[in-house]
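The next block holds one structure in the form of structure tokens; read it before the comments.
The values are calculated or read from the model by the stated rules, or taken from the named source; none is laboratory data. What you see is a predicted model; the values in this text were computed from it and never measured. Backbone-built Cβ (ideal geometry, glycine too); neighbour counts: all protein chains shown. The area values use the complete protein model at the heavy-atom level, side chains included, leaving out ligands, DNA and RNA. Shrake-Rupley method; radii C 1.70, N 1.55, O 1.52, S 1.80 Å.
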Amino acid sequence: MALDTRANVKVALNISGTSEDTRIDLLLTAADRMIKQHVGRDLESGTYGASGTAIDGSIGDSGYYSGDGTINLILRQRPVTSVTSVYLDSTGYFGDNPDGSFASGTILVAGTDYVLRWDGTLPGAATRCSHVGIIKRIGGVWPEAWQYRRGSINPQAVDHIGNIKVTYVAGYTTVPADLKYALALVVAKMRMSAIYGGQSPISESYEDYSYSLEKAASAAASAIHSIGEVQSILGRYRDVLL
């Protein structure tokens with residue numbers, strides 16, 4: 001599903017009837033994907049990892065990570081609402097070890113080997129979540145690898161090669177209202193641009209009505225970057241301070 005429905009977007013844009021439904025569907029799909037790419041997250045609730053679920057316009061997450069010698073493992077999708085499983089296999093190699101990877105004996109135990117950093121709840125709900133999406137290693141670190149380099153007597157620490165596999169649930173079960181509003185604004189901008197042949201009016205006058213159009217280069221810029229209100233909303237979802 002998308003961040004919002006066609007029906008809701010039409011209400012937000014004061015569009016009645018069905019004559020524009022095909023166009024709205026097209027713009028809605030494009031705007032939904034643009035927002036997710038801009039934020040770098042899928043936003044809607046989904047399962048990631050070995051048994052992931054498909055999300056429209058998704059960025060996704062394979063669930064494979066590489067240890068870096070720290071206690072923090074930052075998951076790619078947020079907010080995280082549950083962790084199904086975590087495996088640690090020094091020869092896991094992103095699941096591509098021909099001799100086998102992430103066998104049952106490599107699974108870790110929640111609360112004993114790792115813990116999700118719970119730091120809040122989903123908007124308007126009592127469901128606890130991790131907005132930062134950090135899994136902390138208990139009693140150690142997420143192991144890095146050691147590598148000898150030319151001219152060096154001692155090995156140096158480097159990121160491991162796909163030695164961690166995680167399955168987890170992340171995203172909003174109910175998409176926040178401000179994200180839905182941002183989606184409607186982007187669709188409105190794209191719709192207006194289409195009416196003017198790919199350009200949007202940047203000035204109007206009342207008496208002896210007239211308007212001017214954006215330059216082609218500006219009109220071709222992303223609708224997201226051309227609407228300050230949208231940038232302000234999406235900026236709150238791009239990065240989470242640790």
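Observations, loosely collected:
- Residues considered: ASP96, ASP61, ASP25, ASP42. Of these, the only one that is among the acidic types (Asp, Glu) and open to solvent by 60 Å² or more (accessible area, probe 1.4 Å) is ASP96.
- Pairs where the first residue, in segment 80-108, is closer than 20 Å to ARG137 by Cβ and part of a loop (DSSP other than H, G, I, E, B) and the second is acidic (Asp, Glu) and open to solvent by 60 Å² or more (accessible area, probe 1.4 Å), C-beta under 8 Å, 6+ apart: THR91/ASP99
- Considering only residues in segment 1-22 that are of a type in the set (A, V, I, L, M, F, W, C) and open to solvent by 70 Å² or more (accessible area, probe 1.4 Å), the one that is modelled with the highest pLDDT turns out to be VAL11.
- Within segment 121-148, the set of residues being at positive phi and either within 18 Å of the chain's Cα centre (by Cα) or without any contact (Cβ under 8 Å) to a residue 24 or more places away in the chain (or both) comprises GLY133 only.
- Residue under evaluation GLY69, criteria (1) closer than 30 Å to ALA31 by Cα; (2) touching an Asp or Glu at 6+ places or on another chain (Cβ under 8 Å); (3) not aliphatic (A, V, I, L, M), criterion not met: (1)
- Test: THR53 is over 21 Å from SER193 (Cα atoms), of a type in the set (Val, Ile, Thr) and either crowded, with 19+ Cβ neighbours inside 10 Å or modelled with pLDDT under 90 (or both): yes
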